[in-house]
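Below you'll find the structure, written out as structure tokens, and then a few comments.
The values are calculated or read from the model by the stated rules, or taken from the named source; none is laboratory data. Quick caveat, the model's predicted, so the values are computed rather than measured. So basically every Cβ, Gly included, is an ideal-geometry build from the backbone, and we count neighbours across all protein chains shown.
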Amino acid sequence: MSVRYLSCGDTAFTVEFGNQISPQINGQVMALHGAIGAARADGALKGVVETVPSMRSLMVTYDPMATSRAALQPEIDALISRGLPAEAKTRCVTIPCCYDDPEFAPDLDEVAERTKRAPEQVIEGHLKSAFTVYVLGFMPGLAYIAGLDPSLYLPRRSEPRVRVPKSSVSIAMNMTVIYPFESPGGWHLIGRTPIWLFDQRREQPVFLAPGDHLTFERIDRKTFDRISREVEAGTLDWSTLVKE
Amino acid sequence: MTAALKVLRPGLFDTLQDRGRIGYMALGMPTAGAMDRIGLALANALAGNPADTAGLEIGVMGPDLLVEADSVRVALTGPLSPALIEAPDAPPKPIESDRSHLLKRGQVLRVGMIEGSSTAYLAVAGGFALAAFMGSLSTYARAGVGGFEGRKLQANDSLPLKFDHAPPGEECKLAAPFDYGHGPVRVVWGPQEDSFSEQGRATFIGADYRVSKEADRMGIRFEGPTIEHAVPVEKGGADIISDGIGPGAIQVPGAGLPIVLLADRQTVGGYPKIATVASVDLPRLGRLLPGQTVRFTAVTVEEAEKLRRDQEARLARAIADFQPARPAGGIDLARLYEENLIDGVVYEPVPA
């Protein structure tokens, strides 16, 4: 496997696996992320600070007081040439989503019109998509989740919204995104989850992790309100949403 | 009563910062942390704190703080103009930066303006009694986490202190101002230098760039000659598949002007990054003010690593060479006056 090493100053470098967005390339990124984590847990790779996965590359940050690029890059190279596991350990996460309230899904009709299908078929397409979290970024906990059913591919909105409500479920291109905070955004809003992707009261404030497999489960407004109350009160049993 | 520093009047952008929230970039959590790690390290050392203690980062203009503790040792670093100590029954007394000071209950520290830098630090001995979020006290205001309620300080905030008494010890000062370095800002090419034409790279290295008004903890937008991308912008030359953003990454969006990304930068981004500021010069970037001009010069990764190690060695020496903050061999009359005459009792240290 040939990778490119890109310099990010004297405290980081990026290991680039390719120049496309694909499950294979992202799988390699996640495998190296996992392999470096495992090596560090065994006491190897001294001086590595953290690794930052993205679509097609992994940034490795290091402490130049504890190691150097010249020492570290061959060690990373050796990890890669020893062979990365085909897929790192993943979790399967179910996200409850309410599509049935116009307040939650202001773009559902427009998406249906532009993809030439009924709103109900848009919802079905979203529900049958096999999603994988590719990268977290832009804001804490915001996950770029690829794997949208190809029948629903659309570019982003030409006019981004100034305010997208927290926990909005949206689609654009081949991805779905759930907003962890109220923020500006240009994606098509087709539903809302009662789950908070970022909750600083929790020991693990960020719910999703890169590599998670993810499906959506349709809920009605009543269920949405019930789960919302549990999330707000901090009483939701989050483990019911996750299978290791 | 809980020991605290009470904010009588906030500064422009006072936030608690430590060395940053390390290990959570994979979850999209920016590192945050001190914009000038040297200033924070010196303030902590002057206050007798471990280097990873959180201090108050002061942006442009500092707060007025009322001491609500029996005593507190504070250390200020950065070019203040100068700070004042006021007490209800005494005239305001100017105090120096780059040293520690012992403050008493009821005194007010007026930090005031910073001159010639955007950033200064206040450390308190023992640190602030606040809960860390994801392992760090660094404030990341965009997500409302860390520091004091996840935001910059406001009037009437009460910053709880770990100690109600300053630990025993002498006041000390920096022997000479720390040399942050001069001349062009050192950068390492990449990660995406190949997204720029040869002419674009020459422009970046050869021209003066001025700090615009859009400069904050997230980054600095520079003004100057535009940098040419290798592929025309309308054909996607300013777009890459998003990847990780290291500290000091210099991204160049379609408009062709460089943006240096600093402490509160997002974790990943989709603009090509022509170069990355060498870590030795990040503290200088963290102190730049709008209107100031810089030039960039390229060094290799190895050179940048060596520059950083040399700087850390100089920092360690500067800390080892702290001087007592009083006339050599003499009696600190001011301190004697403050501690014995005003209080009427001999200073009584509290066991640590």
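Within the stretch A:182-208, the set of residues being buried (at least 22 other Cβ atoms within 10 Å of the Cβ) and within 11 Å of chain B (Cβ to nearest Cβ) comprises A:Leu197, A:Phe198, A:Val206, A:Phe207, A:Leu208.
Among strands (runs of 3 or more DSSP E) entirely within the stretch B:99-201, having at least 1 residues that are more than 28 Å from B:Ser81 (Cα to Cα), modelled with pLDDT of 95 or more and under 21 Å from the mean Cα position of the chain (by Cα) singles out B:185-189. When you check B:Glu214 against the structure, is it more than 14 Å from chain A (Cβ to nearest Cβ), farther than 20 Å from B:Ala278 by Cβ and either without any contact (Cβ under 8 Å) to a residue 40 or more places away in the chain or in contact with a Ser or Thr (Cβ under 6 Å, 6 or more places away or on another chain) (or both), yes or no? Against the criterion (more than 14 Å from chain A (Cβ to nearest Cβ), farther than 20 Å from B:Ala278 by Cβ and either without any contact (Cβ under 8 Å) to a residue 40 or more places away in the chain or in contact with a Ser or Thr (Cβ under 6 Å, 6 or more places away or on another chain) (or both)), B:Glu214 qualifies. Collect the residues in the stretch B:241-271 that are more than 9 Å from every other protein chain (Cβ to nearest Cβ), over 23 Å from the mean Cα position of the chain (by Cα) and surrounded by fewer than 24 Cβ atoms within 10 Å (Cβ to Cβ), keeping them in residue-number order. Of everything in the stretch B:241-271, those that are more than 9 Å from every other protein chain (Cβ to nearest Cβ), over 23 Å from the mean Cα position of the chain (by Cα) and surrounded by fewer than 24 Cβ atoms within 10 Å (Cβ to Cβ) turn out to be B:Pro253, B:Gly254, B:Ala255, B:Gly256, B:Leu257, B:Gly270, B:Tyr271. Can you say whether B:Thr2 is on the phi < 0 side of the Ramachandran plot, within 14 Å of chain A (Cβ to nearest Cβ) and either aromatic (Phe, Trp, Tyr) or touching a residue at least 40 places away in the same chain (Cβ under 8 Å) (or both), as far as the supplied structure shows? Taking the combined requirement at face value, the residue does not satisfy it. Scanning the stretch A:169-181 for residues that are touching a His at 6+ places or on another chain (Cβ under 8 Å) and either among the aromatic types (Phe, Trp, Tyr) or surrounded by fewer than 21 Cβ atoms within 10 Å (Cβ to Cβ) (or both) gives a single hit, A:Ala172. All of B:Gly55, B:Gly78 fail the test of being modelled with pLDDT under 95, within 21 Å of B:Ala316 (Cα to Cα) and touching a helix residue (DSSP H, G or I) at 6+ places or on another chain (Cβ under 8 Å), apart from B:Gly78. Report, by residue number, each residue of the stretch A:30-48 that is free of Cβ contacts under 8 Å to residues at least 40 places away in the same chain and either closer than 22 Å to B:Pro272 by Cβ or not hydrophobic (A, V, I, L, M, F, W, C) (or both). Of everything in the stretch A:30-48, those that are free of Cβ contacts under 8 Å to residues at least 40 places away in the same chain and either closer than 22 Å to B:Pro272 by Cβ or not hydrophobic (A, V, I, L, M, F, W, C) (or both) turn out to be A:Gly37, A:Arg40, A:Asp42, A:Gly43, A:Lys46, A:Gly47. When residues in the stretch A:52-66 are screened for being more than 9 Å from chain B (Cβ to nearest Cβ) and over 25 Å from A:Gly211 (Cα atoms), 2 of them pass. Looking at the structure I just gave you, is A:Arg91 out of contact with any strand residue (DSSP E or B) (no Cβ under 9 Å at 6 or more places or on another chain) and over 29 Å from B:Pro272 (Cβ atoms)? Considered against the rule, which asks whether it is out of contact with any strand residue (DSSP E or B) (no Cβ under 9 Å at 6 or more places or on another chain) and over 29 Å from B:Pro272 (Cβ atoms), A:Arg91 comes out as no. Restricting the stretch A:5-51 to residues that are of a type in the set (Ser, Thr, Tyr) and part of a strand (DSSP E or B), the residue that is farthest from the other protein chains (Cβ to nearest Cβ) is A:Tyr5. Would it be correct to say that B:Leu109 is under 28 Å from B:Leu262 (Cα atoms) and out of contact with any Ser or Thr (no Cβ under 7 Å at 6 or more places or on another chain)? The answer is no for B:Leu109.
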